[in-house]
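One structure is given here, and the rest of the page talks about it.
The values are calculated or read from the model by the stated rules, or taken from the named source; none is laboratory data. This is a predicted model, so every value here is computed, not measured. Neighbour counts are summed over all protein chains in view; Cβ atoms, including those assigned to glycine, are modelled from backbone coordinates with ideal geometry. To get the accessible areas, we keep the full protein, side chains included, count just its heavy atoms, and leave off ligands, DNA and RNA. Shrake-Rupley method; radii C 1.70, N 1.55, O 1.52, S 1.80 Å.
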Amino acid sequence: MILGIVSAMQEELDLLLKDMTINEETKKANMTFYKGTLDNKDIIAVVCGIGKVNAAVCSQILISEFNVTSIINVGVAGGIGKDIYPGDVVVGTNLVQHDMDTTVFGDPHGQIPRLDTFDFKCDEALIKASLEACEEIKEINTFSGRIISGDQFISSVEKIQWFEKEFNAMACEMEGASIAQVCYLNNIPFVVIRSISDNANNGAHMDYEKFIPIAVRNSTILLKNIIRKL
Ligand code: ADE
């Protein structure tokens, strides 16, 4: 097993990198790929940059050039719904790109035209390991469900209400569904683990700055426990 771990921002990966034994650093497409181990597992960890294009380029490099056999995307997200708070964690079960819109041709919002699936399903075994890892860490509140991605930082109550109604989603972010699509096209198992930094409402950008440290702390604790289980 070679596990690829992708985060969009350096601050989302730093705590994991601190604990990894890093043997090699390679730069490709302006991204640094850290090859190393944690808990005797071979890992390639990388900061891909923000947004779907960065995430897609990075995922394809991990698969084609570093031969990863599975990918975990970890980071922060905006929470959707009134019961989810900063610091809570969502284990993704499936991913959708909320900004894909060919509704004029009769497709539902989020459908990638002419693709044989609407959503991208996370790997059952990785979901199971993630949920077991969450179960053991009682102080972190965990949810599982759909995570949606788009090239937009969401800070609008109307928009999250629409997300809830249209997609029945638990969290929104900017990379997961792109990584999911690349994994789907290459038949590579993946899971997305996101901790909540804000509620994607008016003022989300201020909450985001405030809660990022606790969110990253929680997602990293869980990620390390997941890696232990693989
Ligand atoms: N990542 C963290 N918070 C987010 C938000 N509100 N919208 C999009 N991506 C996010």
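A few points about this structure:
- Residue 65 vs. criteria open to solvent by 60 Å² or more (accessible area, probe 1.4 Å), in contact (Cβ under 8 Å) with a residue 12 or more places away in the chain and farther than 19 Å from residue 180 by Cα: no
- Residues of region 56-69 that turn out to be part of a helix (DSSP H, G or I) and either polar (S, T, N, Q) or at pLDDT below 95 (or both), as a count: 3
- Residues in region 26-50 that are assigned to a strand (DSSP E or B) and small (Gly, Ala, Ser): 36, 45.
- Residues that are farther than 12 Å from residue 74 by Cα and among the β-branched types (Val, Ile, Thr) within region 174-194 comprise 182, 188, listed in sequence order.
- Residues that are surrounded by 12 or more Cβ atoms within 10 Å (Cβ to Cβ) and not in a loop (DSSP other than H, G, I, E, B), drawn from region 110-135: 120, 121, 125, 126, 127, 128, 129, 130, 131, 132, 133, 134
- Only listed residue being of a type in the set (A, V, I, L, M, F, W, C) and either surrounded by 17 or more Cβ atoms within 10 Å (Cβ to Cβ) or part of a loop (DSSP other than H, G, I, E, B) (or both), chosen from 53, 74, 104: 74
- Output for region 181-225, where each listed residue is hydrophobic (A, V, I, L, M, F, W, C), within 16 Å of residue 123 (Cα to Cα) and touching a Gly at 6+ places or on another chain (Cβ under 8 Å): 191, 192, 193
- Scanning region 13-40 for residues that are out of contact with any helix residue (DSSP H, G or I) (no Cβ under 6 Å at 6 or more places or on another chain), surrounded by fewer than 16 Cβ atoms within 10 Å (Cβ to Cβ) and among the charged types (D, E, K, R) returns 14, 18, 19, 24, 25, 27.
- Enumerated strands (runs of 3 or more DSSP E) restricted to region 142-230, each holding at least 3 residues that are more than 9 Å from the ligand (Cβ to nearest atom): 142-149, 190-198
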